[in-house]
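Chemist: Mind having a look at this structure? Questions to follow.
Read the figures in this text as sums done on the coordinates, not as results from a lab. As the structure is a computational prediction, the values presented were derived from the model and not from experiment. Quick reminder, even Gly has a Cβ in these numbers, built from the backbone with ideal geometry, and neighbours come from all protein chains shown.
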Amino acid sequence: MTIHEAIDRLEYLIAHSRQIPLTRTVVIDQEQVLASIDDLRLSLPDEIKQARWTLQEQQRLLSEAQAEAARTITRASERAQTMMGQQELIKRAEKQAETVLRDASARAEEIRRAADRYAWDVMQSLEAQLLRTVATVKKGVEALRTPPVKEVELSSQRRA
């Protein structure tokens, strides 16, 4: 079950719970709410795994870019030596390899930043969902904790 499904289930439980007449208070099945909260807790590791996967993918892409840059430098160096032993060809190949390495590093940095942005967005979304869920649960607990005002007033009036 995903976080969204667990939150939807909590919302459904609250919306479809039995309402105490003349109040906004509802009676919620404690077992069902606690089960939904457990589902929510179990879903959290999946979201964290997804963020970790994103970071691992970023590292893999960075490693690939660096390996490609190293291969390009090697190919450029071999090619320059094979064509002629002239100093000018070697200098051009080295410059090209440096350019490729610089471009690869820039691309790797861009990928890392995008992965960081994605991980940040996922964590922000997760935080917002958890805060909404906690607020909903607190409201439900508070509603169950405080007696309805109108019933207390009616009881007082009957005794008088």
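Chemist: Calculate the FRET efficiency for Leu131 and Thr99 from the Cβ-Cβ distance with a Förster distance of 45 Å, rounded to the nearest 0.05. Walk me through the numbers on the way to the answer.
Modeler: Working: r = 48 Å, r/R0 = 1.06.
For Leu131 and Thr99, the calculated efficiency is 0.40.
Chemist: Which far-off residues, 5 or more places away or on another chain, put their amide H under 5 Å from the one on Ile20, with H placed in the peptide plane?
Modeler: Correct list: Thr25, Val26, Val27.
Chemist: Also, I was wondering about something else. Under a Cβ-only charge scheme (Lys and Arg +1, Asp and Glu -1), can you give me the dipole magnitude of the chain about the Cα centre, in debye to the nearest 20?
Modeler: Numbers: 25 positive and 25 negative charges, 69 e Å.
For the chain, the charge dipole is close to 340 debye.
Chemist: Further, regarding this structure: Order the peptides 94-101, 123-130 from the highest to the lowest mean number of other Cβ atoms within 10 Å of their residues.
Modeler: Result, highest mean Cβ count within 10 Å first: 94-101, 123-130.
Chemist: Using a basic spin-label model with each label point 7 Å from the Cα along Cα→Cβ, how many nm lie between Asp8 and Ala70?
Modeler: 4.7 nm
Chemist: Quick one: compute the contact order of the chain, relative version, from alpha carbon pairs under 8 angstrom and 6+ residues apart, as a percent. Please list the in-between numbers first.
Modeler: On the way: 103 pairs, mean separation 45.4, N = 160.
In percent, rounded to a whole number, it is 28.
Chemist: Sort 48-58, 2-12 by packing, meaning the average of other beta carbons within 10 Å per residue, with the highest value first. It would help to have the intermediate numbers written out before the result.
Modeler: Values: 48-58: 13.7, 2-12: 16.1.
In decreasing order of mean packing, 48-58, 2-12 become 2-12, 48-58.
Chemist: On the Cα set of the chain, report Rg and Dmax in Å, please.
Modeler: 30.7, 112
Chemist: Considering only Leu144, Ala114, Val100, whose Cα is most displaced toward the positive end of the charge dipole of the chain, charges sitting on Cβ of Lys, Arg (+1) and Asp, Glu (-1)?
Modeler: After comparing all options, I get Leu144.
Chemist: I'd like the distance between the alpha-carbon centres of the range 100-144 and the range 18-65, rounded to an integer number of Å.
Modeler: With the range 100-144 and the range 18-65 each reduced to a Cα centre, they are spaced 13 Å.
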